[in-house]
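The values are calculated or read from the model by the stated rules, or taken from the named source; none is laboratory data. Predicted model only: the values in this text are computed from it and were never measured. For neighbour counting, all protein chains shown are included, and Cβ atoms are generated from backbone atoms with ideal geometry for every residue, glycine included. Side chains are part of the model used for accessible areas, which takes the heavy atoms of the whole protein and leaves out ligands, DNA and RNA. Shrake-Rupley method; radii C 1.70, N 1.55, O 1.52, S 1.80 Å.
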Amino acid sequence: MSDSLRDQLLGLGFKPAPKPERKPDARKPDARRPDARRPGPRPPGKGAAPPVRTGQGKPRPPQGQARKPRSQEEIDLAKAYAIRAQREKEERIEAERVKQEQARLRRESKARLEAFLKDKALNDAEADIARHFPYGGKIKRIYVNAGQLKALNAGELGVVQQNGRYLLVTAAVLAEAETIFAAAVALKVDPNASAEEDPYADPKYQVPDDLVW
């Protein structure tokens, strides 16, 4: 009805009709909706998995959880260890390189010495006098004749080691051999040396093995 008619009725004492009450929704909740689940605490054993315990009995942090950042002291210590390990590695590599280089130079020097000493040895196959001398931490000997022994003790001859043999050579050849490969010089006599410096120059070490005086 229009407002004017409603006003007239109200003026005659009529009351407006009451509005109908709204009934509550009696529909059942949808079980498929997440909010339709029964509220309340979750029973144990369901939902999120409990934290995994390590061998020491301490719980392991769940996956995805950020680890505690390392302190500056731990970072500096790790850097120091890394630097030291790298330096030790470089030192080992350098030591191996030097070792291989020295072996190469030694092989080349021995090869040059062998070529130089060809046909220069003065060893006498009939010599029967043993001349002893220290070499390589042991006492070695070379057989010479009487004239060679005198020249050897006077420094006019010398002894060179080559492939396990001891070669008697002149002083000039000995000097050249020393420049090629000094380690091969087995006996270089200084005629002015004292008996303490060359004790095996003493005549008692020069008696032939089959001769008794």
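Data table
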read-out: Every pair of residues 6+ apart whose Cβ atoms lie under 7 Å, when the first sits in the range 80-109 and is over 23 Å from ASN163 (Cβ atoms) and surrounded by fewer than 10 Cβ atoms within 10 Å (Cβ to Cβ) while the second is modelled with pLDDT under 90 and of a type in the set (D, E, K, R); value: none
read-out: First in the range 184-198 and closer than 15 Å to ALA121 by Cα, second anywhere and among the β-branched types (Val, Ile, Thr) and modelled with pLDDT of 80 or more, Cβ under 7 Å, 6 or more apart; value: ALA184/VAL160; VAL185/VAL160; ALA186/VAL159; ALA186/VAL160; LEU187/VAL159
read-out: Restricting the range 131-144 to residues that are loosely packed, with under 13 Cβ neighbours inside 10 Å and not charged (D, E, K, R), the residue that is farthest from LEU168 (Cα to Cα); value: GLY137
read-out: Output for the range 113-127, where each listed residue is touching a residue at least 40 places away in the same chain (Cβ under 8 Å) and open to solvent by 80 Å² or more (accessible area, probe 1.4 Å); value: GLU114
